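After the structure tokens below, expect a handful of questions from me.
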Amino acid sequence: MESKKEVYSMKADSEEQIIRSNCRGCHGGCGVLVHVKEGRITGIEGDPDFPTNHGAMCSKGLAFQQLVYHPDRVIYPLKRAGKKGEGKWQRISWDEALDTIANKYKRIIKENGPESIVVGQGTGRDYETFLYRFANLLRTPNVLTAGHMCYVSRVGATLVTCGNLPICDYDSNPGCVMVWGNNAVWTNPDEYTGENLSRALSEGARLIVVDPRLTYLAGRADIWLQLRPGTDTALALGMANVIIGEGLYDKEFVDKYTHGWDEFVKRVEEYPPDRVEEITWVPAEKIREAARLYATTKPACIQWGVAIEQTINCTDNNRILTDMMAITGNLDIPGGNVFFTPPPIRTVSKFGLHRDLAPEQREKQLGGNTYKLAQRVALVTPKLVWDAILTGKPYPVRAVQLHGSNPVMTRANANEVYKALSQVEFLVVSDFFLTPTAELADIVLPASTWLEMNYIGSFWMRHGYIFPRRKIVQIGECLPDQMMFNELGKRLGQGEYWFDTMEAALDYILEPAGITWEQIKDKPYVKGQTKYRKYEERGFSTPTRKVELYSTTFEQWGYDPLPRYREIPESPVSKPEMTGEYPYILITGARAPVFFHSEHRMIPWLREIHPDPIVEIHPRAAERHGIEDGDWIFIESPRGKIKQRAKLTPGIDPRVVSAQHGWWFPEAKTGNHDWNKSNVNVLTDNDPAGYDVAMGSTNLRVLMCKIYPAEEKS
Amino acid sequence: MVKEYALIVNTRDCVGCNACEVACKQEHNLPIGPRWIKVYPDTPREIEGKLQLRYIVTHCMHCSRPSCKDACPVEAISKRDDGIVLIDEELCTGCKDCIDACPLGIMQFDEERGVAQKCDLCVARLDRGLSPACVTACPSHCIHFGDVQEITEKLGEEKLLVWYKTTAS
């Protein structure tokens with residue numbers, strides 16, 4: 001293991017203390033230096049010695065002190081004192097909160113079984129291992145996370161294809177980066193930060209960007225593939241067609257290390273560039289150019305994002321991109337897509353006690369027999385939970401416990417989500433603020449931020465690092481979510497599996513590596529050994545020990561063993577009869593750099609920069625409806641209508657409209673923070689016809705809409 | 001020779017993430033209102049033969065002949081030997097003449113305290129041997145700080161910088 005010995009010692013002035021830690025303001029994990037004066041955080045800045053951000057920080061992390069000390073933060077356990085969504089709360093003690101929850105669960109377990117309790121999280125603030133440990137010991141197979149359409153779907157698809165999730169090796173100078181459905185310089189691309197990509201570009205890496213919108217990266221790219229939304233899988237298959245057809249693949253790697261080449265070639269031959277042009281709107285010649293650039297520039301890596309996972313093609317899109325890494329010989333080589341090895345600490349899976357969940361309980365997982373890949377990675381697709389609440393089928397869900405999750409804003413068909421969470425018998429929400437979801441809860445638990453706990457950051461990530469995170473302040477009676485599971489577990493007869501303190505839990509996680517929390521807490525990071533081409537010795541962790549271009553696991557499960565393209569169920573191609581009423585394709589995932597999903601609208605420094613939800617429209621489309629730049633407009637789908645402010649831009653196809661997601665208004669005093677005014681998921685559909693067949697991923701991204709001005713012009 | 005400090009953004013590399021803005025707010029503990037550095041999207045346009053999305057970044061250029069200094073009726077604005085233009089908030093009466101005078105329109109106003117404000121190049125950090133907060137935070141490393149001569153050599157003839165550092169008045 002490599003590790004840094006020196007504690008950072010930059011002192012601003014004598015009264016100020018600087019503590020090194022690790023940010024968790026989003027899904028990433030940037031090294032930070034936290035300034036503290038008289039017990040109060042006075043500043044947060046990037047740690048220049050840190051390997052994944054090199055001193056850089058994003059606006060969200062830099063503004064975090066405004067979140068920690070925000071006057072609206074939930075800092076005591078609360079019990080609802082009025083109707084759901086009415087906003088009336090009563091402060092209670094931790095004992096009362098935990099006892100109420102534990103007693104309720106005991107009764108539900110006795111009357112219906114533990115599967116009637118759903119435990120869930122959003123993106124996760126680094127506590128998913130504790131959540132799974134709790135859920136598995138509780139014997140509920142129903143864990144509801146964002147994973148069905150975010151990151152874990154990538155983990156699942158790569159698991160069956162090549163054994164693990166390979167990530168970009170920015171530190172070894174990739175010659176070409178292909179950014180697919182990812183605005184990596186604004187959002188956290190999970191293992192890394194945009195800083196790594198920016199550095200690679202400064203070093204001269206060539207850039208291919210696949211995106212329906214003009215982002216900064218798309219504009220800077222050597223080749224920008226502006227595709228019809230939702231057709232990414234067809235585009236990738238088309239590129240593979242060129243790579244194979246023109247003999248640009250790595251023949252030796254293919255011969256030695258892939259399974260199912262002949263069948264794969266046959267499938268890929270169904271996607272010649274001319275056909276793919278028709279599907280994707282991308283000119284055939286551009287598809288060829290991009291395929292050649294990616295396949296012939298060595299090394300090359302693919303930086304993929306969540307956009308491709310939130311459609312019907314989720315798993316197959318992930319598989320075909322993994323296949324492209326493999327056939328071009330870019331897997332596990334310096335500068336390619338690499339499997340990094342973490343320090344040999346207790347793994348996420350072992351700590352999560354997945355093997356302790358009895359098979360008969362796993363069998364009861366909602367949707368388990370339908371979405372087998374989701375079952376393999378231990379999560380459920382949300383609609384099945386809403387259905388079980390609303391219909392009692394296949395069995396009733398009586399309690400939902402959500403940590404850092406705001407499904408009213410972030411899951412498809414928000415009206416149904418709202419209805420289900422309003423009707424569920426018992427809802428517990430742990431979060432920083434009273435979000436529209438928390439406002440529906442029976443009990444709200446005050447969660448600690450990353451500045452309020454000792455922890456090992458990112459130990460589930462694939463970059464081979466673990467990051468010590470330091471407790472710097474205590475706010476009110478906030479508790480780390482990890483310790484909520486710990487204390488609830490003790491009350492539910494799981495005592496022998498839980499810990500006296502957080503630090504004891506951390507020592508248990510670190511134990512197999514022969515290190516303790518005390519030994520690593522002042523270090524910026526601990527890194528596992530980096531070794532490339534590990535497959536030469538032990539192959540890939542799949543049934544055939546090879547990269548499975550033809551998935552034997554999928555074959556066994558009864559799915560198509562080869563990746564293929566499926567048309568989005570609600571598109572001008574699949575539903576031409578809808579185009580009269582709903583003439584535009586709506587995409588819904590655009591980010592603002594200052595917010596993380598539905599978070600941060602209450603942070604003054606961030607909201608000042610981005611006060612309103614923005615919908616991007618091509619000027620020609622806007623003109624047709626008398627819409628001018630800055631106008632509030634209605635966006636309407638068959639499910640409902642919302643309001644956002646128009647931004648006219650030539651960076652989007654005139655047939656496409658792009659709305660932002662996650663918008664609620666913390667400052668709104670009525671209507672549960674106006675949860676449905678600008679919430680893009682009022683428009684999205686959660687009909688299972690649009691799900692990925694193996695993962696149950698919801699189509700959050702591509703649907704049809706109409707647009708019109710929201711106000712009469714004077 | 002005394003160095004003449006300057007800050008300049010290489011907008012080719014700016015990704016529009018707003019990190020610099022918040023780093024600045026935090027460093028100077030600014031309220032809502034004054035934005036000493038500000039990033040906003042330009043209208044997409046053809047650059048080097050392709051449609052590009054670039055960002056506009058505005059901040060004080062610390063002009064060689066600052067018109068804000070000339071406009072201030074109470075001499076609250078001064079220019080140090082190292083080129084840094086500063087506002088003395090004790091002297092500022094909030095008359096806003098400097099706001100009208102600034103050729104870039106970057107002068108900010110703190111309504112709460114009734115004073116004009118702008119980028120001070122993080123003089124307090126410079127004294128501690130650190131770079132300005134925005135420079136350190138920038139994820140694309142596109143904000144360059146240092147001696148005018150050195151920056152110009154590094155970035156080529158940066159027209160905006162040269163103009164404000166030689167002719168602006």
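Looking at A:L144 and the list (1) more than 14 Å from chain B (Cβ to nearest Cβ); (2) surrounded by fewer than 24 Cβ atoms within 10 Å (Cβ to Cβ), which single condition is not satisfied?
(2)
Then there is this: Go through segment B:31-51 and count every residue that is assigned to a strand (DSSP E or B), more than 15 Å from the chain's Cα centre (by Cα) and among the hydrophobic types (A, V, I, L, M, F, W, C).
Count: 2.
Now, a different point. Would you check which residues across segment B:23-49 are within 7 Å of another protein chain (Cβ to nearest Cβ), in contact (Cβ under 8 Å) with a residue 40 or more places away in the chain and of a type in the set (A, V, I, L, M, F, W, C) and list them?
B:A23
Just a yes or no: is a residue in segment A:283-300 buried (at least 18 other Cβ atoms within 10 Å of the Cβ) and within 22 Å of A:V693 (Cα to Cα)?
no
Residue-by-condition table, conditions (1) touching a residue at least 40 places away in the same chain (Cβ under 8 Å); (2) part of a loop (DSSP other than H, G, I, E, B); (3) closer than 21 Å to A:Q474 by Cβ:
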site	(1), (2), (3)
A:P48	no, yes, no
A:N53	yes, yes, no
A:A56	yes, yes, no
A:L67	yes, no, yes
A:R73	yes, yes, yes
A:K79	yes, no, no
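Does segment A:189-226 hold any residues that are of a type in the set (A, V, I, L, M, F, W, C) and assigned to a loop (DSSP other than H, G, I, E, B), and which are they?
Answer for segment A:189-226, where residues must be of a type in the set (A, V, I, L, M, F, W, C) and assigned to a loop (DSSP other than H, G, I, E, B): A:A205, A:L214, A:A221.
Checking B:E112 against (1) out of contact with any strand residue (DSSP E or B) (no Cβ under 8 Å at 6 or more places or on another chain); (2) within 27 Å of B:K3 (Cα to Cα); (3) of a type in the set (D, E), which test does it fail?
(2)
Residues being of a type in the set (A, V, I, L, M) and closer than 30 Å to A:S21 by Cβ: count how many of those fall in segment A:422-440.
Residues meeting the conditions: 4.
Residues being of a type in the set (A, V, I, L, M), touching a Leu at 6+ places or on another chain (Cβ under 8 Å) and within 14 Å of chain B (Cβ to nearest Cβ): count how many of those fall in segment A:623-656.
1
Hey, another quick one. Any idea which of (1) farther than 30 Å from A:L225 by Cβ; (2) among the charged types (D, E, K, R); (3) surrounded by fewer than 21 Cβ atoms within 10 Å (Cβ to Cβ) is the one B:E46 doesn't satisfy?
Looking at each condition in turn, B:E46 falls short on (1).
Could you tell me whether any residue of segment A:572-584 is over 30 Å from A:F64 (Cα atoms), of a type in the set (V, I, T) and either free of Cβ contacts under 8 Å to residues at least 40 places away in the same chain or touching a helix residue (DSSP H, G or I) at 6+ places or on another chain (Cβ under 9 Å) (or both)?
Yes; the residues of segment A:572-584 include at least one that is over 30 Å from A:F64 (Cα atoms), of a type in the set (V, I, T) and either free of Cβ contacts under 8 Å to residues at least 40 places away in the same chain or touching a helix residue (DSSP H, G or I) at 6+ places or on another chain (Cβ under 9 Å) (or both).
May I ask you to list the residues in segment A:242-284 that are among the small types (G, A, S) and in contact with a strand residue (DSSP E or B) (Cβ under 7 Å, 6 or more places away or on another chain)?
Of everything in segment A:242-284, just one residue is among the small types (G, A, S) and in contact with a strand residue (DSSP E or B) (Cβ under 7 Å, 6 or more places away or on another chain), namely A:G260.
What is the one condition in (1) within 26 Å of A:G46 (Cβ to Cβ); (2) modelled with pLDDT of 95 or more that B:A6 does not satisfy?
Result: B:A6 fails condition (2) only.
Name the single residue, out of those in segment A:29-50 being at the interface with another protein chain (Cβ under 9 Å from one of its Cβ atoms) and β-branched (V, I, T), that is surrounded by the fewest Cβ atoms within 10 Å (Cβ to Cβ).
The extreme case among them is A:T42.
Next question, about the same structure. Among the numbered conditions (1) within 22 Å of the chain's Cα centre (by Cα); (2) surrounded by fewer than 24 Cβ atoms within 10 Å (Cβ to Cβ); (3) away from chain B (no Cβ under 14 Å); (4) more than 22 Å from A:T341 (Cα to Cα), tell me where A:H259 comes up short.
All conditions are met except number (1).
Mind checking whether some residue in segment B:94-108 is more than 30 Å from A:I223 (Cα to Cα), charged (D, E, K, R), within 14 Å of chain A (Cβ to nearest Cβ) and assigned to a loop (DSSP other than H, G, I, E, B)?
no
Within segment B:119-164, count every residue that is more than 14 Å from every other protein chain (Cβ to nearest Cβ), surrounded by 14 or more Cβ atoms within 10 Å (Cβ to Cβ) and part of a loop (DSSP other than H, G, I, E, B).
Within segment B:119-164, residues that are more than 14 Å from every other protein chain (Cβ to nearest Cβ), surrounded by 14 or more Cβ atoms within 10 Å (Cβ to Cβ) and part of a loop (DSSP other than H, G, I, E, B) number 4.
Keeping to segment A:356-394, report how many residues are acidic (D, E), within 22 Å of A:L137 (Cα to Cα) and either in contact with a strand residue (DSSP E or B) (Cβ under 6 Å, 6 or more places away or on another chain) or in a helix (DSSP H, G or I) (or both).
Looking only at that region, the number is 2.
Do we find that A:G181 is within 30 Å of A:V693 (Cα to Cα), touching a Gly at 6+ places or on another chain (Cβ under 7 Å) and either away from every other protein chain (no Cβ under 12 Å) or buried (at least 24 other Cβ atoms within 10 Å of the Cβ) (or both) in this structure?
Yes: the conditions hold for A:G181.
Could I ask something else about it? Exactly one condition in (1) within 14 Å of chain B (Cβ to nearest Cβ); (2) in contact with a helix residue (DSSP H, G or I) (Cβ under 8 Å, 6 or more places away or on another chain); (3) buried (at least 23 other Cβ atoms within 10 Å of the Cβ) is false for A:R199; which is it?
Failed condition: (3).
With the condition kept exactly as written, say whether any residue in segment A:489-500 is acidic (D, E) and over 30 Å from A:G690 (Cα atoms).
yes
B:A6 passes all but one of (1) at the interface with another protein chain (Cβ under 10 Å from one of its Cβ atoms); (2) touching a helix residue (DSSP H, G or I) at 6+ places or on another chain (Cβ under 6 Å); (3) of a type in the set (A, V, I, L, M); (4) in contact (Cβ under 8 Å) with a residue 12 or more places away in the chain; which number fails?
The single condition B:A6 does not satisfy is (1).
Next question. Of the residues A:V265, A:V282, which single one is part of a helix (DSSP H, G or I), β-branched (V, I, T) and at pLDDT 95 or above?
Testing whether each residue is part of a helix (DSSP H, G or I), β-branched (V, I, T) and at pLDDT 95 or above leaves just A:V265.
Okay, next question. Residue under question is A:W186, and the condition is that it be part of a loop (DSSP other than H, G, I, E, B) and within 13 Å of chain B (Cβ to nearest Cβ); does it hold?
yes
Is it the case that some residue within segment A:29-48 is of a type in the set (D, E, K, R), in contact with a strand residue (DSSP E or B) (Cβ under 9 Å, 6 or more places away or on another chain) and under 25 Å from A:S198 (Cα atoms)?
yes
Residues in segment A:588-595: is at least one buried (at least 19 other Cβ atoms within 10 Å of the Cβ), more than 14 Å from chain B (Cβ to nearest Cβ) and not hydrophobic (A, V, I, L, M, F, W, C)?
Within segment A:588-595, one or more residues are buried (at least 19 other Cβ atoms within 10 Å of the Cβ), more than 14 Å from chain B (Cβ to nearest Cβ) and not hydrophobic (A, V, I, L, M, F, W, C).
Would it be correct to say that B:E112 is within 14 Å of chain A (Cβ to nearest Cβ), among the charged types (D, E, K, R) and not in a loop (DSSP other than H, G, I, E, B)?
no
Ok, one more. Identify, please: which residue in segment A:51-79 is aromatic (F, W, Y) and more than 12 Å from chain B (Cβ to nearest Cβ) and is, among those, farthest from the chain's Cα centre (by Cα)?
Only one residue tops the list, namely A:Y76.
The values are calculated or read from the model by the stated rules, or taken from the named source; none is laboratory data. Predicted model, so just to flag it, every value in this text is computed and none were measured. So basically every Cβ, Gly included, is an ideal-geometry build from the backbone, and we count neighbours across all protein chains shown.
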